[in-house]
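Novice: Supplied in structure tokens, the structure appears directly below.
Read the figures in this text as sums done on the coordinates, not as results from a lab. Just so you know, these numbers come straight off a predicted model, no measurement behind them. Note: ideal-geometry Cβ built from the backbone for every residue, glycine included; neighbour counts use all protein chains shown.
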Amino acid sequence: MKGLELCEQYFRQCGLPALEAECGQHVSKMAIGLVGDGSECLGFDDEHSRDHDWGPGFCIWLTKEDFVEIGPEIQKVYESLPKSFAGFEARMTSQWGDGRVGVLEMGSFYQRYLGSPGAPETLSQWLVIPENALAMATNGKVFHDPKGSFTAIRNSLLDCYPEDVRLKKLAAQCMSAGREGQYNYPRCLKRNELYAAAQAEMQFLKSALSIVFLLNKTYLPFYKWAHRAVKVLPILGNDSYDAIAELMEMNSPKDKEIRLESFAKKIIAQLKELGLSEGESDFLPDHGPLIQECIRDEEMRSYSVWMG
């Protein structure tokens, strides 16, 4: 059983009945689910995930006022729930695993990932939030939210970046991907700088994956899950997954150079197909400024094309 499914069953069979029995008058004030850190929130957990911060549990999000007034009472009910469920033992909380489940203040939860207690209000605020942080703020599942306060913030984030921010990030990642994969990688090989070449390869793949996620209007997760997550994306997802898998199997640096170049060209073809660039160049950085010119906000369009 996947962790997210386990936690939802635990909530419905153990959590909700106890909460209704012990503090039923407050249940309508709670948003409940599992969102945030952990492979189970992405559906990527397996038997190796179960050695820490995995098992029956869920989050109860309250507004700041409700957290102060009724949070301790609800936490007591949460702590009284069975520690094991459906044949799975209690969570073993790691040194860094506190705050993943239990009663949480809604604003503090979002502050942890966004740097603010709610959705960003300006383009500049959106621009500085790391993609993987937004992925963590929008993963998992909400099981219960009658007031809809938590879900309203979540839905505003799920719409992806505002278009001008998405274009800004796309432009910057095209610059980075081309610099590392199409320029620095072959130059490092000519100098027999294999460590630097390996770094360039990884930096290219990081930027290329970011481009693919941005094209799909979704957020790039933590690097450990990025390759696995890209496969299901409709735009270049399977192509990206296969390209990375092939690169990881290759031993010849020259073969890698050819594969990196073909990956870059596929990205350029997709940019043109989506109307994001009309350029004819096979060099990704030549497309960054063209994408940036599509930004409507004058201030954001004025930023360095490398910034994103």
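Novice: Rank 205, 181, 276 by how far each Cα sits towards the positive end of the charge dipole of the chain (+1 on Lys, Arg Cβ; -1 on Asp, Glu Cβ) and give me just the farthest.
Specialist: 181
Novice: Among 132, 226, 62, which residue has its Cα furthest toward the positive end of the charge dipole of the chain, with +1 on Lys/Arg Cβ and -1 on Asp/Glu Cβ?
Specialist: Result: 226.
Novice: Next up: May I ask you to sort 93, 122 by Cβ crowding, counting other Cβ atoms within 10 Å and putting the fewest first? Can you show the working numbers first?
Specialist: Details: 93 15, 122 9.
Ranked by crowding around the Cβ, least crowded first: 122, 93.
Novice: Can you tell me the relative contact order of the chain? Whole percent, Cα pairs under 8 Å, sequence separation 6 or more. Please list the in-between numbers first.
Specialist: Numbers: 458 pairs, mean separation 55.8, N = 308.
So the answer I get is 18 percent.
Novice: Please list 3J(HN,Hα) in residue order for the range 129-135, calculated via the Karplus relation 6.51 cos²θ - 1.76 cosθ + 1.60 where θ = phi - 60°; whole Hz, with x for glycine and proline.
Specialist: Taking θ as phi minus 60°, the curve returns 7, x, 4, 5, 5, 5, 4 Hz for the range 129-135.
Novice: Between residue 65 and residue 255, what length in nm is gained on full extension when 0.36 nm per residue of separation is reduced by their alpha carbon distance? Intermediate values should be presented prior to the final figure.
Specialist: Numbers: separation 190, 0.36 × 190 = 68.40 nm, distance 5.96 nm.
Extra length available between residue 65 and residue 255 comes to 62.4 nm.
Novice: Cβ under 15 Å from residue 140's Cβ, residue 140 left aside: what net charge do those residues give with Lys, Arg +1 and Asp, Glu -1? Write out the running numbers ahead of the final one.
Specialist: Details: positive: 2, 100, 112, 141, 154; negative: 5, 8, 37, 40, 45, 53, 145.
Net local charge, residue 140 excluded: -2.
Novice: Still on this model: Using the crude model of +1 on Lys and Arg Cβ and -1 on Asp and Glu Cβ, and no other charge, please compute the dipole size for the range 160-298 relative to its Cα centre, in debye to 20.
Specialist: Magnitude of the dipole: close to 460 debye.
Novice: Among 85, 222, which comes first, second and so on when ranked by fewest other beta-carbon atoms within 10 Å? If you can, show how the numbers build up before the last one.
Specialist: Working: 85 19, 222 16.
Placing the least packed residue first, the sequence is 222, 85.
Novice: Okay, moving on. For the chain, what is the calculated [θ] at 222 nm in deg cm²/dmol (nearest 500), taking -39500 (n - 2.57) for each run of four or more DSSP H residues and dividing by its residue count?
Specialist: Numbers: 15 runs with 160 residues, N = 308.
That comes out to -15500 deg cm²/dmol.
Novice: Output ³J(HN,Hα) for the range 155-171: one whole-Hz value per residue in order, computed from phi by the Karplus curve 6.51 cos²θ - 1.76 cosθ + 1.60 with θ = phi - 60°, and x for Gly and Pro.
Specialist: 5, 5, 7, 5, 5, 6, 4, x, 4, 5, 6, 4, 5, 4, 5, 4, 4
Novice: Neighbouring Cβ atoms within 10 Å as the yardstick, rank 60, 258, 70 fewest first.
Specialist: Numbers: 60 26, 258 11, 70 17.
If I rank by nearby Cβ atoms, fewest first, I get 258, 70, 60.
Novice: For residue 22, what charge total do you get from the other residues with a beta carbon under 12 Å from its beta carbon, if Lys and Arg give +1 and Asp and Glu give -1? Write down the numbers at each step before the final one.
Specialist: Values: positive: 76; negative: 20, 73, 79.
Net charge in that neighbourhood comes out at -2.
Novice: Quote the relative contact order of the range 109-193 in percent (integer), defining contacts as alpha-carbon pairs under 8 Å separated by 6+ residues.
Specialist: Details: 38 pairs, mean separation 22.2, N = 85.
Answer for the range 109-193 is 26 percent.
Novice: May I ask you to order 157-163, 201-207 by the average number of other C-beta atoms within 10 Å around their residues, highest value first? Provide the component values of the computation, followed by the final result.
Specialist: Working: 157-163: 16.4, 201-207: 20.1.
Put in order of decreasing packing, that is 201-207, 157-163.
Novice: Also, quick follow-up: Quick one: helix 253-273 against the long Cα principal axis of the chain, what's the angle to the nearest 10°, folded into 0 to 90?
Specialist: 80 degrees
Novice: Taking 0.36 nm per residue of sequence separation and subtracting the Cα-Cα distance, how much length would be gained by fully extending the chain between residue 25 and residue 155, in nm to one decimal? Walk me through the numbers before you get to the answer.
Specialist: Details: separation 130, 0.36 × 130 = 46.80 nm, distance 2.65 nm.
Between residue 25 and residue 155, full extension yields 44.2 nm more.
Novice: If I take every Cα pair under 8 Å that is 6 or more residues apart in the range 138-254, average their sequence separation and divide by the length, what percent do I get for the relative contact order?
Specialist: Numbers: 96 pairs, mean separation 23.6, N = 117.
Reported as a whole number, the value is 20 percent.
Novice: Between residue 298 and residue 187, what is the spin-label point distance in nm, taking each point 7 Å from the Cα along the Cα→C-beta axis?
Specialist: For the pair residue 298/residue 187, the computed spacing is 3.6 nm.
Novice: Follow-up question, since we're still on this one. Which ³J(HN,Hα) values, rounded to whole Hz and listed in residue order, are derived for the range 188-199 from phi using the Karplus coefficients 6.51, -1.76 and 1.60 in 6.51 cos²θ - 1.76 cosθ + 1.60 with θ = phi - 60°, glycine and proline given as x?
Specialist: With coefficients 6.51, -1.76 and 1.60, one gets 5, 5, 4, 8, 6, 8, 6, 5, 4, 4, 4, 5 Hz.
Novice: Skipping prolines and chain starts, which residues have an amide H placed within reach, meaning under 5 Å, of the one on residue 143, given they are 5 or more residues away or on another chain?
Specialist: When sequence neighbours closer than 5 places are left aside, the close amide H contacts are 32, 33, 34.
Novice: To continue, here is another question. Compare the Cα positions of 81, 167, 34 along the charge dipole of the chain (+1 at Cβ of Lys, Arg; -1 at Cβ of Asp, Glu; about the Cα centre) and return the one farthest towards the positive end.
Specialist: 167
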